[in-house]
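K.L.:
Please find one structure pasted underneath; my questions will follow.
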Amino acid sequence: MIARPDPVAIGRVVATELKPSTPHQFHFWTANETTIGIGAIVKVDGGRVVYGVVTDGFAYSDLATPLHDVIGAEGDPARAAASPTVRQEIRYWTAAVLRQIPEEPLQPVPLGQVFVASDTDVAQALRMDAYLHSATPTAIPIGLYTSGGLEAPVYLDADFLLGPEAAHLNISGVSGLATKTSAVEFLLASVFRHFPPHKGKVAAVCFNVKGPDLCFLDQPGDLSDEDRRRYERLDVPAQPFERVHYYAPLKADGVNLNTLRTHAELVDDVTPLTWGLQEVVDFAEVLLNRDDIDAKADAFIDFLRDRVLGRSFDDGFGNAHKVETFADLERLFRSIFDGLELTGRSDTWRTHHIATMRKIRNRLLNISTRCKGLVTDDGPSSDLPWGAFEDRTVYVIDVANVDPLGQDLVFARSVSKLREHLERRDLGVDAVIVFVDELNKYAPGDGPETYVKKMLLDISERGRYLGLVLFAAEQFRSQVHRRVVGNAGTQVFGRMDMDELATPGYQVLSPATKIKLATLPVGELMIRHPHFTQPIFVRFPKPPVLRGRDGMERFPAAIDLSFADAVARQLLQLDRRIRPNQVKDLIADRTEEDVRRALAAVRQKRPDEVLATFRKALGGRVAPDASRERRAVPPLNPISDEPY
């Protein structure tokens with residue numbers, strides 16, 4: 001065995017009456033030429049071992065005032081270099097204590113030699129040894145500490161990142177330079193590789209809310225040799241995610257997908273996301289304007305939800321209904337209004353005022369118009385595989401091109417379903433990471449209390465007990481709700497804006513640390529974690545997946561297909577034996593509503609014989625009966641001044 005050379009001291013602790021050493025901070029000097037800088041981890045050996053991280057640096061000479069230097073050079077800067085005596089310069093550093101060994105009794109840092117930390121020292125300083133070498137390791141790599149000529153892996157504790165001790169991750173930084181999305185992509189790959197076996201299975205649900213950011217997670221990106229070496233050092237595979245499932249709503253035509261992932265080579269992996277009345281009514285609060293939905297309206301919505309939807313229901317006028325779709329709901333309202341008119345009771349129905357009923361009718365039926373493509377009037381829904389989530393799988397819900405109301409609905413319902421299944425322990429996995437970008441929009445520190453904000457607060461405060469973990473990103477951390485960022489066990493910072501760093505939330509950082517944050521290069525982050533008593537700077541490799549804008553160049557979005565071609569393409573995704581002409585012949589002379597309803601039924605069932613099922617769902621052609629006399633419904637009598 002080759003003996004390692006003894007480490008060479010790079011400095012020495014110095015303490016004066018004006019700047020003494022304390023249990024939380026110490027000062028030391030080094031030679032002018034040194035490998036350490038702001039963020040470097042050092043080790044002090046002076047009878048007890050102390051680890052610290054450099055937070056500030058100074059350089060000065062023995063000059064009493066700047067005037068002495070001017071006089072010595074006779075006012076000429078060029079002559080100062082020719083001085084017969086070179087003034088002594090000192091490099092003086094301030095370090096915050098990371099750990100002392102032994103930890104008790106807690107004492108001031110002793111005078112002693114200062115060394116650059118080794119791999120083992122970094123693990124000791126950051127208390128990573130407790131979860132790196134335990135009987136059930138829970139270490140997850142977050143990046144490489146690179147300072148002082150050293151490159152050491154830095155690990156997070158899964159118990160404090162994914163629960164149950166603490167949970168959630170928040171990442172802040174300026175747009176484009178902080179690499180927030182890239183950092184989350186790398187961390188997801190690291191979690192999938194190193195998730196502790198005793199914790200069970202894990203999956204991720206990512207909401208793509210802007211452009212093509214998350215549209216190509218299954219496509220390989222370009223990596224340099226340096227990036228591949230870093231992946232090997234961190235023991236994370238340098239390859240795209242093996243299992244990715246994409247979901248996107250349809251466009252208003254009901255057949256073309258509302259996503260940028262529509263290239264012919266990729267669109268087959270995108271599943272339509274469409275919901276009906278049953279899926280939407282529980283989240284009416286997200287979609288309805290709370291300013292004009294009062295207690296009476298809430299009571300009527302609860303009545304519909306508890307007594308009408310999905311049940312056999314008698315409207316009191318001899319008509320039986322089973323309301324499962326928005327079209328069924330419209331028929332129910334029409335029947336009630338007609339019945340009230342014919343019986344002369346135009347005021348109330350089952351204690352509910354007819355003006356309130358008209359208001360709710362207009363609001364609910366308007367949902368399918370405002371969110372057309374996501375919310376369907378009729379036909380089965382197409383949803384995520386609740387109860388059948390797969391281990392180490394990413395589920396991407398692309399709502400980048402959906403209006404804000406639809407985005408709120410998708411987020412609210414998806415997270416509610418995740419929580420519901422995790423509470424019952426029947427989701428298919430034991431933990432789910434939910435990634436949400438643009439937190440400044442969804443959980444601002446000011447503004448009204450929206451349904452989505454309340455859900456984010458609930459996840460951040462109680463999700464860790466269920467295995468529901470929030471990974472969130474934003475540009476301005478100071479403008480996000482304090483309880484959302486405050487409950488994040490791990491805080492990550494990319495390059496920051498100086499105006500943001502001037503806010504009170506960053507006063508705990510030294511001026512030098514703030515300067516470094518404002519000038520961080522791409523791929524470097526500052527990490528705060530419960531085990532780390534001070535923030536640590538790390539580098540992470542470029543994600544092994546195709547970036548959004550690069551993916552759009554390689555796989556440009558296809559133009560929308562005609563109605564018939566789009567239907568044929570969706571059926572072809574389910575059964576490669578189908579010929580497009582067969583589909584076009586089947587849907588000729590059929591209404592688009594009937595075709596969409598049959599297509600949704602096939603997507604929901606996913607049968608072995610796709611074409612036969614589609615033909616059966618379409619039903620036989622029925623010629624219109626010209627002899628049937630159309631009777632107009634008489635207008636209702638005005639009963640109120642309310643304009644509903």
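K.L.:
Can you work out the FRET efficiency for the pair Arg12 and Ala59, with r the C-beta to C-beta distance and R0 = 22 Å, to the nearest 0.05?
P.N.:
Step by step, r from the Cβ atoms, then E = 0.85.
K.L.:
Using modelled backbone amide H atoms (1.01 Å from N, in-plane), which distant-in-sequence or interchain residues come within less than 5 Å of Ala558's amide H?
P.N.:
Thr262, His263
K.L.:
Rounded, prolate or oblate: which one fits the stretch 135-215, using the alpha carbon gyration tensor with axes a ≥ b ≥ c (rounded when a/c is under 1.5, else prolate when a/b beats b/c, else oblate)?
P.N.:
Because a/c hits 1.5 or more and a/b fails to exceed b/c, the stretch 135-215 counts as oblate.
K.L.:
Continuing with this model, one more query. I'd like the carbon and sulfur percentage of the solvent accessible area for the stretch 278-377, probe radius 1.4 Å, heavy atoms only, ligands and nucleic acids excluded.
P.N.:
Carbon-and-sulfur percentage of accessible area, whole number: 43.
K.L.:
So, one more: Quick one: if you stick a label point 7 Å off each Cα along the C-beta vector at Met498 and Leu365, how many nm between them?
P.N.:
5.9
K.L.:
So, one more: Roughly what angle does helix 563-574 make with the longest principal axis of the chain, taking Cα atoms, 0 to 90 degrees, to the nearest 10?
P.N.:
Roughly 70 degrees, rounded to the nearest 10.
K.L.:
Taking a threshold of 27 Å on the Cα-Cα distance, which of the pairs Lys180/Lys251; Lys180/Lys514; Lys453/Lys514; Lys43/Lys199 fall above it?
P.N.:
Where the Cα-Cα span goes over 27 Å, the pairs concerned are Lys180/Lys251; Lys453/Lys514; Lys43/Lys199.
K.L.:
Leaving ligands, DNA and RNA out of it, work out the accessible area of Arg345 with a 1.4 Å probe and give it in Å² to the nearest 10.
P.N.:
Roll a 1.4 Å probe over it and Arg345 shows about 120 Å².
K.L.:
Quick one: order Glu104, Glu500 from most to least accessible surface, probe 1.4 Å.
P.N.:
Glu104, Glu500
K.L.:
Spin-label point model (7 Å from Cα, Cβ direction): what's the Arg305 to Lys616 distance in nm?
P.N.:
Result for the modelled spin labels: 3.5 nm.
K.L.:
For the chain, build the charge dipole from Cβ charges (+1 Lys, Arg; -1 Asp, Glu) around the Cα centre, then report which of Thr181, Gly37, Ala64 sits farthest towards its positive end.
P.N.:
Toward the positive end, the furthest listed residue is Thr181.
K.L.:
Sorted by accessible area with a 1.4 angstrom probe, largest first, how do Thr179, Thr65, Thr351 fall?
P.N.:
Thr351, Thr65, Thr179
K.L.:
Between 0 and 90 degrees, rounded to the nearest ten: what's the tilt of helix 225-234 against the longest Cα principal axis of the chain?
P.N.:
90
K.L.:
If you don't mind, there's one more thing I want to ask. List the residues, sorted by chain then number, that are 5 or more residues from Leu156 or on another chain and whose placed amide H is less than 5 Å from its amide H.
P.N.:
Excluding prolines and chain starts, which carry no amide H, the hits are Ile140, Ile142.
K.L.:
So between Thr85 and Leu342, what do we pick up on full extension, going 0.36 nm a residue minus the alpha carbon distance?
P.N.:
Extra length from Thr85 to Leu342 when fully extended: 81.4 nm.
K.L.:
Please report the accessible area of Val70 (heavy atoms, 1.4 Å probe, ligands and nucleic acids excluded) in Å², nearest 10.
P.N.:
Here the accessible area works out near 80 Å².
K.L.:
Using 0.36 nm times the number of residues separating Asp560 and Arg228, minus their current alpha carbon distance, what extension gain do you get?
P.N.:
Taking Asp560 through Arg228 to full extension adds about 115.6 nm, to one decimal.
K.L.:
For a Förster distance of 56 Å, can you work out the FRET efficiency between the beta-carbons of Asp69 and Asp458, rounded to the nearest 0.05?
P.N.:
0.35
K.L.:
Roughly how much of Lys359 is accessible, in Å² to the nearest 10, using a 1.4 Å probe?
P.N.:
The accessible area comes out at roughly 10 Å².
K.L.:
Taking a probe of 1.4 Å, how large is the accessible area per residue of the stretch 48-151, in Å²?
P.N.:
For the stretch 48-151, the solvent-accessible area averages 52 Å² per residue.
K.L.:
Considering only protein heavy atoms, what per residue accessible area in square angstrom results for the stretch 456-500 with a 1.4 angstrom probe?
P.N.:
Here the per-residue accessible area is 38 Å².
K.L.:
While we're here: Applying the Karplus parametrisation 6.51 cos²θ - 1.76 cosθ + 1.60 with θ = phi - 60° to the phi angles of the stretch 410-417, what ³J(HN,Hα) value in whole Hz is obtained for each residue in order, glycine and proline being reported as x?
P.N.:
Values, residue by residue: 4, 5, 4, 5, 5, 5, 4, 5 Hz.
K.L.:
Then there is this: Would you work out the relative contact order for the stretch 14-166, in percent, from Cα pairs under 8 angstrom that are 6 or more residues apart?
P.N.:
28
K.L.:
Would you mind working out the accessible area per residue for the stretch 278-377, using a 1.4 Å probe, and quoting it in Å²?
P.N.:
The answer is 47 Å² per residue.
K.L.:
Once the Cα atoms of helix 326-343 and of the chain are each reduced to a long axis, what angle between those two axes, in degrees from 0 to 90 to the nearest 10, is obtained?
P.N.:
Tilt relative to the chain: about 50 degrees.
K.L.:
Per DSSP H run of at least 4 residues, take -39500 (n - 2.57); add these up for the chain, divide by its residues and hand me the 222 nm value, nearest 500 deg cm²/dmol.
P.N.:
Mean residue ellipticity, 222 nm, calculated: -9000 deg cm²/dmol.
K.L.:
Taking square-rooted eigenvalues a ≥ b ≥ c of the alpha carbon gyration tensor, is the chain rounded, prolate or oblate, where a/c under 1.5 means rounded and, failing that, a/b exceeding b/c means prolate?
P.N.:
The shape class here is prolate.
K.L.:
Setting aside same-chain residues fewer than 8 positions from Lys605, which aspartates and glutamates have a Cα under 14 Å from its Cα?
P.N.:
Asp383, Asp575
The values are calculated or read from the model by the stated rules, or taken from the named source; none is laboratory data. For clarity, every value in this text was computed on a predicted model and none was experimentally measured. Methodologically, a virtual Cβ is constructed for each residue, glycine included, from the backbone with ideal geometry; neighbour enumeration extends over all protein chains shown. Heavy atoms of the whole protein, side chains included, go into the accessibility calculation; ligands, DNA and RNA do not. Shrake-Rupley method; radii C 1.70, N 1.55, O 1.52, S 1.80 Å.
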